[in-house]
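One structure is given here, and the rest of the page talks about it.
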Amino acid sequence: MTAASEEVHAYRYCPVCAASLVTAIVGERDRLTCPAGHWTHWDNPLPVLAGLVEYAGKIFLARNAAWPEKTYSLITGFMERGETPEQGVARELKEETNLDAGEIGLIGAYEFIRKNELIIAYHIQATGEIKLSEELLEYRLVAPEKLRPWRTGTGYAMADWLRARGLPVDFLDWPSA
């Protein structure tokens with residue numbers, strides 16, 4: 001079994017003709033493809049939106065229900081069909097925190113290879129009353145000068161945001177589960 005077929009083990013049959021997929025070189029890479037040429041699984045990275053949310057002069061960090069204690073991050077979510085990235089990050093902010101997005105500014109795009117994602121990160125000025133969704137357990141409001149980014153996708157976005165404001169960047173390591 002090749003690396004390509006191991007990564008996408010959930011795909012076994014062509015969605016057009018139901019033939020068993022085979023691994024073949026397509027576009028200079030091993031890909032799962034229909035032997036009759038109906039379909040190829042390109043396995044492209046998914047666009048994920050991240051919001052570095054500024055609320056009342058502090059940065060909003062949240063802990064997902066599936067994460068260990070003391071593990072906080074930015075608001076994130078998948079972009080949906082028919083919306084711009086800015087609309088998507090505002091929607092995710094509203095869904096997860098009940099906050100309203102005001103000014104939204106692009107921080108940058110960041111790889112998250114481990115999950116085959118491309119993170120598009122924004123700085124968001126937010127207002128409203130915080131009400132967490134079931135997806136989030138708790139939150140913290142942290143003064144920008146006390147932020148400590150992590151060495152992965154959204155952490156690099158935070159580091160870039162800090163640097164752009166002339167604030168120091170002191171990376172931390174994620175707690176292990």
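The values are calculated or read from the model by the stated rules, or taken from the named source; none is laboratory data. The structure displayed is predicted, hence computed values, not measured ones. Every residue, glycine as well, gets a Cβ built from its backbone with ideal geometry; the counts of neighbours run over all protein chains shown.
For Thr154, state whether it is of a type in the set (S, T, N, Q) and either surrounded by 15 or more Cβ atoms within 10 Å (Cβ to Cβ) or in contact with a His (Cβ under 6 Å, 6 or more places away or on another chain) (or both). Taking the combined requirement at face value, the residue satisfies it. Scanning region 81-109 for residues that are of a type outside the set (Gly, Ala, Ser), buried (at least 20 other Cβ atoms within 10 Å of the Cβ) and in a strand (DSSP E or B) gives a single hit, Ile107. Within region 96-126, being more than 15 Å from the chain's Cα centre (by Cα) and either over 19 Å from Trp161 (Cβ atoms) or modelled with pLDDT under 95 (or both) holds for Asn98, Asp100.
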